[in-house]
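The values are calculated or read from the model by the stated rules, or taken from the named source; none is laboratory data. Since the structure is predicted, the reported quantities are computational estimates derived from the model, not experimental observations. Glycine gets a Cβ as well: all are built from the backbone with ideal geometry, and neighbour counts include every protein chain shown. We work out accessible area using only protein heavy atoms, side chains counted, and drop any ligands, DNA or RNA first. Shrake-Rupley method; radii C 1.70, N 1.55, O 1.52, S 1.80 Å.
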Amino acid sequence: MSAVRKSLAKVEIALRWDPSPAGTPANDLDIVAAVYAASDPHGEPVYLVHFGSRAPDGTITLTRDSRTGQGFGFDEVMTLELDRLAPELGRVVVGVVIQDAGPAAEPGRKTFGGVAGKGLRIREGYTDLATGDLEEVAYATAATVAEFVRDGAGGWALDARPRGFDADPEEFARVMGTARG
């Protein structure tokens, strides 16, 4: 008997990390989502969702935000209601970026490898779709962690392969949706 998989509907991306050691700058990781038009899935995003913002139609929200990693469990949580996205939107890319990683090419630049206790969970309801710790992109200051693509029938599928970038938050917002090489 074969199983029938329904399209993804309401997905939660959750991120955790440990606070930085005493006397050092805070570890501030942020979740960001970029939404692309079905007609131009690798072009400019139609809109971005990050700290202090939400999707214009309320379908993507950052429900928990941390600037230090202090607290129990997951420190940042973003909810995506994929089943409510307008039909002209065909791709959503979600990433994680380190705020204030330091100047590029500096030996002390903060990367994911220098942030302890990282954890990422992508789930729908009580089902974990993907989990990880960002170690495969330890060299990076930003990474895409989920790509949701609408199929021909209007359903949504997930690609949860991390892809690392050496970029500050502004540059990451510009390049996170580029096609994989």
Area accessible to solvent at Glu171, 1.4 Å probe radius, in Å²: 70
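What size of dipole, in debye to the nearest 20, comes out for the chain about its Cα centre when the only charges are +1 on Lys and Arg C-beta atoms and -1 on Asp and Glu C-beta atoms?
Numbers: 19 positive and 27 negative charges, 87 e Å.
Using only the charged Cβ atoms, the result is roughly 420 debye.
Of the accessible area of the chain, with the probe set at 1.4 angstrom, what percent is carbon plus sulfur?
On the way: 4890 of 9320 Å².
The value for the chain is 52 percent carbon and sulfur by accessible area.
Rounded to the nearest whole Å², what accessible area per residue is found for the chain with the 1.4 Å probe? Working shown, then result.
Details: 9320 Å² over 181 residues.
It amounts to 52 Å² per residue over the chain.
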19 Å reach of a label modelled at Arg180, 7 Å along Cα-to-Cβ, counting backbone N of region 121-136: 121-123, 129-136
Cα gyration tensor, region 109-168 - rounded (a/c under 1.5), prolate or oblate: oblate
Point-to-point label distance, Thr63-Val149, nm (Cα→Cβ direction, 7 Å offset): 2.8
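Please state the shape class of the chain: rounded when a/c is under 1.5, otherwise prolate if a/b exceeds b/c and oblate if not, all from the C-alpha gyration tensor. Don't skip to the end; give the middle numbers.
Numbers: a/c = 1.86, a/b = 1.53, b/c = 1.21.
Since a/c reaches 1.5 and a/b is larger than b/c, the shape of the chain is classed as prolate.
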